[in-house]
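Okay, so here's the structure we're looking at.
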Amino acid sequence: MKPFFRRKLFSITISLSALLLAPQLGFAANIDLPELGDASSAVVSPQQERALGQTWLRMYRSQVATFSDPQLYTYLDELLSTLAQHSQLKDRHLELILVKNASMNAFAVPGGVVGVHTGLFNFAENEAELASVLSHELAHLSQRHFARSVEKQQQNSIPTMMAMLGSLVLAATAGGDAGLAALTATQAAALDSKLRFSRKNEQEADRIGMLTMADAQLDPNAMAGMFERMLRATRYSRRPPEFLLTHPVTESRIADSRNRAVKYPMRQYPEALDYHLMRARALMVHETTPQQAVARFDSELEGDTLNYDASRYGLVLALTASDQLERAQEALLPLLQNSPDKIAYVIAQADIEAADENYTAALSRLKQQLAKQPENHALNLRYAELLMKSGNYPLSEEILEAHAKRRPKNDYVWYLLAEVHGLAGNILSVHTARAEYFILNGVYDKAQTQLNNALKLAKGNYHKTALLEERVKDIHNMREKNQL
C-alpha cells in the first residue's frame, strides 16, 4: 500500500522512546488512552476494552504501514471469523491488521483487534498450525486476560499498554535487534514481565484455543506442532521470534498440548488448499526480486513442496511479476482447468491479461466472477483497480463506493477511492475519502485539513455541509478523548 504519508524512522524512534519510558516516569507521554476504570471498580468493562482497542488500532496504524493485499486479508479475515464463531468470545466483531514483516508474530489487543505478520505463513506448514496461533490469541481475548491482569495492577495499566504498543510497533518496523531491545526494555520497565501473560493465562489460552480448533473441525494436534516449530526457531537463531517474547514456549507446555490433543478422536483432516495458495503469496512478497521468486518456486516444483498446486500458483505470480507472461499463462492453465471458479486463479488470469494490456478480457473475467460472489473483498478491489487502470473511472468509483459501505473500516478501500476520485476530477470526494483514510490511521490533523478543504468546496450544499461539519465534530471528539 502507498500511504498518503510517510513518517521518518527517527521521529518514530523518538516518540516510541517516550512510550517506553512511560512506565518508569509514571505519566502518559502526552497520549491519554481511554480510562480503564478507577481503583474502586477493579474491572475493565467490555465497552472500555473496545474503546481502548480502537484507540490502540489508530495509534498502531499511525506508526506502522499495514499491508493491503486483498487476497491475504480476505483469507485471514474469513479464517478469523470462522474461529471466532467457534470460540468463547461474546463479541465476535474482530478487526484484522495485516503487516508485511518476515518475522513470526501475531497478537491480539483488547477490544477485538488481531494482528498478523506475513512471516507467520513461513513458519506454519498448514492451516491448522496457523489457526492454532490465532485460536490461542482469541482465547486471551475471550477470557479477558488483559482485564483480569489490570485488576491486580490498576495503577500501571495505562503505561504498560503504551509500552506494549511501542514494542509491537518496533517489532513491525524494525523486525530485528531493535525490536528485541525494545521488548527487553519494556519488560524490565514493567518489573516482573507484566507484558507477558501469566503461566496460568497461557495454559488457559492453550486449552481454550484447542477447544476452538476442535469445534472448527481443525486438527488439535497442530497446536503442539506449531509450538514445537517455534521452539526450534529459538535454537537455531540468536533472536527468538517476536511471538515467543510475550508467549514463552517450553517443552512442558508442548507436552501439555500433546496430552490434551490425544483426548480428541483420531481422524483425517482435509488439506486446505486456500491456505497453501495464500502462503505462496506471502512467500512471494518477501522475495527480493521477481526473478528470485521464480527460482524459488521452480525449485519447489522440482524438489520438495508442501503443496504442488500452491507452488505452481506461486510460480504464476512470480512469472507475471517478471513479465514472463506466456510462461505464466502456461503454468496457470492446468490450475484453472481443475478449478475454474477458484478466486486466486481467476484473479491471476486477469492479472496476466491486464499485464498484456488486454483489459477487456481481464475485466470481463472479474465481472463474471463478481456476479457469483458480489461481496467478495478481493474481487471487488481487483475489479476496481483494473477499472481504474483501464480508464473507466466512473464505474471504479461506483464499485468502491458500494464496497466502502460494506467495509467502512478498511483503510485501503478509502485510499483507492480517493485515488479514483482524483482521476475522475471529483475533488470534493477526494478530500472526504482522504479524511476517512486519515481517521482510520489516527492522523487527525491531516483528516481535519481534508475536511476543511471539502467544506470550502461544499459551500451552498447544505446537506453535504452538515455531514462534513458532523465529521469535523467527530474528529474533535476523538482528539479530545485520546490526545493523539
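Things worth noting here:
- Taking the DSSP beta bridges with both ends in segment 50-141, the antiparallel portion is around 45 percent.
- If R0 equals 25 Å, the separation of the Cβ atoms of Asp341 and Ala361 corresponds to a calculated FRET efficiency of about 0.90.
- You can think of it this way: the chain between His93 and Gln368 has 96.0 nm of extra reach, that is 0.36 nm per residue less the Cα-Cα gap.
- The phi-based Karplus calculation (6.51 cos²θ - 1.76 cosθ + 1.60; θ = phi - 60°) puts the 3J(HN,Hα) values of segment 355-361 at 5, 8, 6, 9, 5, 4, 5 Hz, whole numbers, x for Gly and Pro.
- Unsatisfied cross-links (Cα-Cα over 30 Å) in the set Lys389/Lys409; Lys409/Lys473; Lys405/Lys473: none
- Signed unit charges on C-beta, dipole axis of segment 211-309, positive-most listed residue Ile254, Val285, Tyr264: Ile254
- Sparse-neighbourhood loop sites, trypsin sites (Lys or Arg not before Pro) in segment 249-292 - DSSP loop, at most 12 other Cβ within 10 angstrom: Lys263, Arg267
Bear in mind these aren't lab numbers, they're just calculated from the coordinates by the rules spelled out. It should be emphasised that the depicted structure is a prediction, and the values quoted were computed from it without experimental measurement. Here the Cβ is made from the backbone with ideal geometry for all residues, glycine too, and neighbour counts use every protein chain on show.
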